[in-house]
Amino acid sequence: MSTDRTLRLATRGSDLAMRQATLVQERVGTRRRPVELIEIETEGDRIQDELIADLGRIGAFVHALDQEVADGDCDAAVHSMKDMPTEFAEGMVVAAVSERAAAGDLLVTEDGKAFEDLREGAVVGTSSLRRTAQLLHARPDLDVRPLRGNVDTRIEKLLAPRLQREHERRMDTDEEAQSTEMRDYNIDPEGVLDDENADLDDPDDDDEFEQSVDEWFESLSEVERAAMGQEYDHEYDALVLAEAGLERSGLRHHIGTSRLPKDKFVPAPAQGAIAVTATDEDVIKRLQQNLDHAPTRVAVTVERTVLSELGGGCVAPLGVHATVQGNSVNVRAQVLSTDGTEVVEGTRDLPIETHAEAAAEFAADLAERGADDLIAAAAAETDE
């Protein structure tokens, strides 16, 4: 394509996806060469009542976007890189990887409670096999339950039970106060009872709440108001969400969070990174020049190489995280059984010059130590 015309960028339509696409648009677009966002529905968006692993393969959020590029209806597609398969259609390449945001996971609670401070048997919501296994490995007492939906929907489901109970309590108190006022009026319509009998000066008779129901509702944040109408199947003590996704959603300041340590809760491969795919050479060059971040590309290449060599996809509890440190790349990997009772993990410093080849060797060592068996068992459970 001519690099002078508008670049059409395919994206999912969720709030988070649109925010990520806007970041790319702002980096790549200019007055002379603007970027237009094209909203596309994916398989993962259409099927909301299944967990990602149950969809059967990684890439449920990717293929429809890349197909738009392959068909020529869009020039490029923007993805959360952790959702991407390790193999692409012929001619499709990762044109750019933006500088990575925070790669780790957050424990999300109403008050920012630390992981070790969760009550025994606490209910924790997540849609991820990896996070489920990691939670159970660290705390077998936890009750980990499935939870899908966009970031805002998940937070609403966390907040909904308490807020809806609070609303009901305030409504009941308001109705009781109105009933008491009506009863007192019927007893003394002229208002002639003395202060002693009416107890008008007793502070204990003041209203329980300083705000009316309407004033209280108006004081809530937008996500809290949305939670008032949110249906929920379970009452959660906490959620686990990607830090990058929560930050990009703009909701982090509305909820309590604490970081989960990346050495115990190893992130998903490429978590926190945004990738843009394309086929046209001019588009690829434009994206590389304006968006690509070399250290992030090296790190996610290592992570995705380990993923590819082990073949975990989204059907196995597998975490890989790499960081560039001078002339080497430090990588940590963790493969677990689905119930968290077994784990194979390791760390290694890889030479940056041969980081992909060294990552493949690291994966082979993990496989020999039993990672292959755990992944095969997880895949068999998914197929049942």
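The values are calculated or read from the model by the stated rules, or taken from the named source; none is laboratory data. Here the structure is a predicted model, which means the values were calculated and not measured. Cβ placement follows ideal geometry from the backbone for every residue including glycine, while neighbour counts extend to all protein chains displayed.
Entry remark, region 90-113: residues being part of a loop (DSSP other than H, G, I, E, B) and of a type outside the set (D, E, K, R) number 8 in total. Looking at region 295-305, is at least one residue in contact (Cβ under 8 Å) with a residue 40 or more places away in the chain, assigned to a loop (DSSP other than H, G, I, E, B), in contact with a helix residue (DSSP H, G or I) (Cβ under 9 Å, 6 or more places away or on another chain) and not assigned by TED's automatic domain parsing to the domain that holds residue 130? No: zero hits.
Reported count of residues in region 78-114, each being farther than 27 Å from residue 323 by Cβ and buried (at least 20 other Cβ atoms within 10 Å of the Cβ), is 1. Annotation note: of 37, 51, the sole residue that is at pLDDT 95 or above and assigned by TED's automatic domain parsing to the domain that holds residue 94 is 37.
The sole residue among 261, 269 that is buried (at least 23 other Cβ atoms within 10 Å of the Cβ) and not small (Gly, Ala, Ser) is 269. Considering each residue of region 174-187 in turn, none proves to be more than 19 Å from the chain's Cα centre (by Cα) and modelled with pLDDT of 85 or more. Is it fair to say residue 255 is within 15 Å of the chain's Cα centre (by Cα), at pLDDT below 95 and of a type in the set (Val, Ile, Thr)? Here the answer is yes, as residue 255 does meet what is asked. If you go through region 125-143 and keep only what is over 18 Å from residue 261 (Cβ atoms), touching a strand residue (DSSP E or B) at 6+ places or on another chain (Cβ under 8 Å) and outside any loop (DSSP other than H, G, I, E, B), you end up with 125, 143. Residue 156 meets each of the listed conditions (1) assigned by TED's automatic domain parsing to the domain that holds residue 286; (2) in contact with a helix residue (DSSP H, G or I) (Cβ under 6 Å, 6 or more places away or on another chain); (3) of a type outside the set (A, V, I, L, M); (4) not in a loop (DSSP other than H, G, I, E, B) apart from (1). Filtering region 233-258 to residues that are charged (D, E, K, R) and touching a helix residue (DSSP H, G or I) at 6+ places or on another chain (Cβ under 7 Å) leaves 235, 248, 252. The requirement of being within 22 Å of the chain's Cα centre (by Cα), at pLDDT 95 or above and among the charged types (D, E, K, R) is not satisfied by residue 248. For the residues 347, 338, the requirement of being surrounded by fewer than 16 Cβ atoms within 10 Å (Cβ to Cβ) and not acidic (Asp, Glu) singles out 347. Checked against the criteria, residue 218 counts as without any contact (Cβ under 8 Å) to a residue 12 or more places away in the chain and of a type in the set (Asp, Glu).
For every residue, the table says whether it meets (1) hydroxyl-bearing (Ser, Thr, Tyr); (2) more than 16 Å from the chain's Cα centre (by Cα).
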position: 71; (1), (2): no, yes
position: 80; (1), (2): yes, no
position: 116; (1), (2): no, yes
position: 156; (1), (2): no, no
position: 170; (1), (2): no, yes
